[in-house]
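Data first, discussion second: the structure below is written as structure tokens.
The values are calculated or read from the model by the stated rules, or taken from the named source; none is laboratory data. Treat the numbers as computed from the prediction; the structure is a model and nothing was measured. Quick reminder, even Gly has a Cβ in these numbers, built from the backbone with ideal geometry, and neighbours come from all protein chains shown.
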Amino acid sequence: MPRTPKPRTPRSHWLLLGLVLLAICGLLGLDVLLSRAGTPSTPSGSRQFVPPTAFDNGSVIDPREPTVRTVPPRAVALTFAEGPDPQWTPQVLEALARHQVHATFFVTGAQAARNPGLVREIVEAGHEIGNHTLTRTDLRQAGSQRIQLELQSTDLALAGAAGITTTLAQPPYLTSGSLDGAAWNSLLRIGNHGHQVVVPDRDSQDWRGQDTEAVLAAATPRDDRGTVLLMHDTAGADMVAALDRLLPELKNTGRQVDSVGATFGLPVTAVPAGLLDRVAGSLFVGVVVLSAWLADALRALLWAAAALGILRTVFVLVLAPIQRWRSRRWTPPWQISQRVGVIVPAYNEQAGIASTVRTILASDHPVEVIVVDDGSTDRTAEIVDRLRGRHPHLRLIRQRNAGKAAALNAGLAAARSELVVVVDGDTILEPDAVSRMVAHFTNPSVGAVSGNVKVGNRGNMLGRWQHIEYVIGFNLDRRVYEMLGCTPTIPGALGAFRRSAVLAVGGVSDDTLAEDTDLTMALERDGWHMAYEEHAISWTEAPATTGQLWKQRYRWCYGTLQAAWKHRRAVLERGPGGRLGRLGLPYLLVFQVVLQVIAPVVDVAAFFALFTAEAWTFGLTWLGFLAMQLLPGIIAFRMDGERLRPLWALPLQQVVYRQLMYLVVVQSVITALAGARLPWQKLDRRGQLTPARR
């Protein structure tokens, strides 16, 4: 016989995902680096070795000589720094054009790379470009390598943006009044890289956010000496308004306003960049633009995710209490006394099958237990067979291993009752669970009822996290789904069904790995309503290791995606099927798939945002998100009659457990897109399940 090929499971996607996240981290790290504003150091006051002419008034210093050119009398060399800014630089250019004045724009490499079109616009308008370092770093305490990096990176950005390099540099936070020994040493290092340094002697103080009158007063020269005026094309509307008034006033007083090169008579201030510099500069500009776009997009995505989280929280907090109030007021019009078949599909469940069967037989409602042994290789069938001798309403069906769906169908075929309950082979039932669920079938429109599945082995941290997830996630969502009439899943761990309704839709299908979700959706599309009974409680043994948890959730998520795709046409239907398609499936896909897929990237963006000027905003947003999880948690635990003590693990769950769930969803989505078909993944049971104290 030819060997059956192993299921094709894509593995290279983890490498791809890792590379994508690494690239995102690199781009976000670059954006953080370029976004961080430098901080000025305090001048020492010592002017040893500094030429006196350098701090008398505005000047251009060539540190290679060194020579100091002072500004001519009644001349104003107009400079702008820290741009280009997409909002204010165009308005500055318009003002300069109105008054027919040229200026020198000392741009940062970060802003030049982010706004290459503005750099070209400045050059095309006849203005000069100067180097203001890459990140507005105070160069007084910078070493030679840092200065080289700051200047060459900015020149690279200029080469990529406008095809030029500049001979002019203006170190941030430097004026003639603050020129001390440390600053002079940094100027000498700047000269080693071929730049002349422009030292302003008048600062308009527009960066302080002062009004127009204050900016105008600070920018206006006090005497006939020449001046190098420093303004900032990032300062805002008051700066533009002050500039519009300042330029005609300076001209009316006989002052000559021009760029640095024209004012000082410099023959060359910009040179064409070489081909290699242009290519490298274009790549640099492209990477910076991409990093800025990515940072903005991910921050917008972060806010969108937070908004969706808030929306879901509000949705749950409004609908869940209403559902609970309605369920408590509801009483069945009559008691159903007929015996109910309880189907237990079992495969290698020797650890807990005896406890499961005993608790079902102890139900306060008449039951017939049908254990379907699906080709177990352990003692499962032997244990059930031994119990059968003491319990006349216990039946054992043996079959070759064919999967859970086949086992359920065998149980349905053997059942003698119209109402059946499905219980997993690792589940313990409360005595009143069956009676509470079957009471809902007094409503002839109800086709299936979901019980309340709880985690029994919650003693360790992993079990406690799953307990929180079951109570806050699954059970709250079931209340919402019932209110909306679009329940996507009646859990196989504890669910009740009309046998005739299940048979009418073709029984339990093996098309997906989430046979319970597939069956529930099929029933709704056939016109049946689903119900949720919070007091029908069962205890399940949750996976005890991360490996087992991964296998279970991988199967759940992948199977849910399969079921959603299979029943996608429900969006066009009416009745319960239409509500499933237009409400249930979008809710399921948005909150359990889409948000989970984007969550790792959003978390990375939030982490890098902590190193920006918006750190407090994002930090408070994360704390708010945690509080947003805690409030529904408290309400959900109260509704389920649970103690609040396990909620202390909620913050750690958001940091650790949530990341594992992200990866599960990502793996499931990629597997689904790759078209792989997964085998059923049996979990290892330890048989240590006991009902937890609530």
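Hey, can you tell me all the residues within region 318-331 that are β-branched (V, I, T) and not in a helix (DSSP H, G or I)? Spell out the reasoning first.
The first filter runs over region 318-331 and keeps only residues β-branched (V, I, T), leaving 318, 322, 331.
Within region 318-331, just T331 meets the criteria.
The residue that is nearest to the chain's Cα centre (by Cα), among those in region 280-307 that are closer than 17 Å to G109 by Cβ and loosely packed, with under 14 Cβ neighbours inside 10 Å, is G286.
The rows are residues; the columns are (1) farther than 21 Å from D233 by Cβ; (2) of a type outside the set (A, V, I, L, M, F, W, C).
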| site | (1), (2) |
| --- | --- |
| H127 | no, yes |
| R146 | yes, yes |
| Q152 | yes, yes |
| L156 | yes, no |
| Q170 | no, yes |
| G177 | yes, yes |
| A182 | yes, no |
| L187 | yes, no |
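Restricting G527, G577 to residues that are surrounded by fewer than 18 Cβ atoms within 10 Å (Cβ to Cβ), modelled with pLDDT of 90 or more and farther than 30 Å from N460 by Cβ narrows the list to G527. Restricting G117, G177 to those that are surrounded by fewer than 24 Cβ atoms within 10 Å (Cβ to Cβ), at pLDDT below 90 and farther than 21 Å from L275 by Cβ reduces the list to G177. Test V601 against the stated conditions and say whether it is at pLDDT below 75, in a helix (DSSP H, G or I) and either out of contact with any helix residue (DSSP H, G or I) (no Cβ under 9 Å at 6 or more places or on another chain) or outside the structural domain of V314 (by TED's automatic domain parsing) (or both). Criteria not met by V601. Just one of the listed residues (V455, V422, V446, V438) is in contact with a strand residue (DSSP E or B) (Cβ under 9 Å, 6 or more places away or on another chain) and closer than 30 Å to P651 by Cβ, and it is V455.
With respect to (1) closer than 25 Å to Q152 by Cβ; (2) surrounded by 23 or more Cβ atoms within 10 Å (Cβ to Cβ), the lone exception for R189 is condition (2).
Yes or no, residue by residue, for (1) surrounded by fewer than 23 Cβ atoms within 10 Å (Cβ to Cβ); (2) out of contact with any strand residue (DSSP E or B) (no Cβ under 8 Å at 6 or more places or on another chain):
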| site | (1), (2) |
| --- | --- |
| V123 | yes, no |
| H127 | yes, no |
| A169 | no, no |
| D211 | yes, yes |
| T220 | yes, yes |
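Against the definition (assigned to a helix (DSSP H, G or I), within 21 Å of P491 (Cα to Cα) and at pLDDT 95 or above), how does V342 come out, yes or no? It is false that V342 is assigned to a helix (DSSP H, G or I), within 21 Å of P491 (Cα to Cα) and at pLDDT 95 or above.
Here T612 passes the criteria (1) outside any helix (DSSP H, G or I); (2) at pLDDT 80 or above; (3) in contact with a helix residue (DSSP H, G or I) (Cβ under 7 Å, 6 or more places away or on another chain) except the one numbered (2).
If you go through region 119-159 and keep only what is touching an Asp or Glu at 6+ places or on another chain (Cβ under 8 Å) and part of a helix (DSSP H, G or I), you end up with D155, L156, A159. The strands (runs of 3 or more DSSP E) located wholly in region 57-109 include none with 2 or more residues which are under 50 Å from the mean Cα position of the chain (by Cα), basic (K, R) and under 21 Å from A218 (Cβ atoms). All of (1) assigned to a helix (DSSP H, G or I); (2) farther than 25 Å from T356 by Cβ; (3) free of Cβ contacts under 8 Å to residues at least 60 places away in the same chain hold for G506 with one exception: (1).
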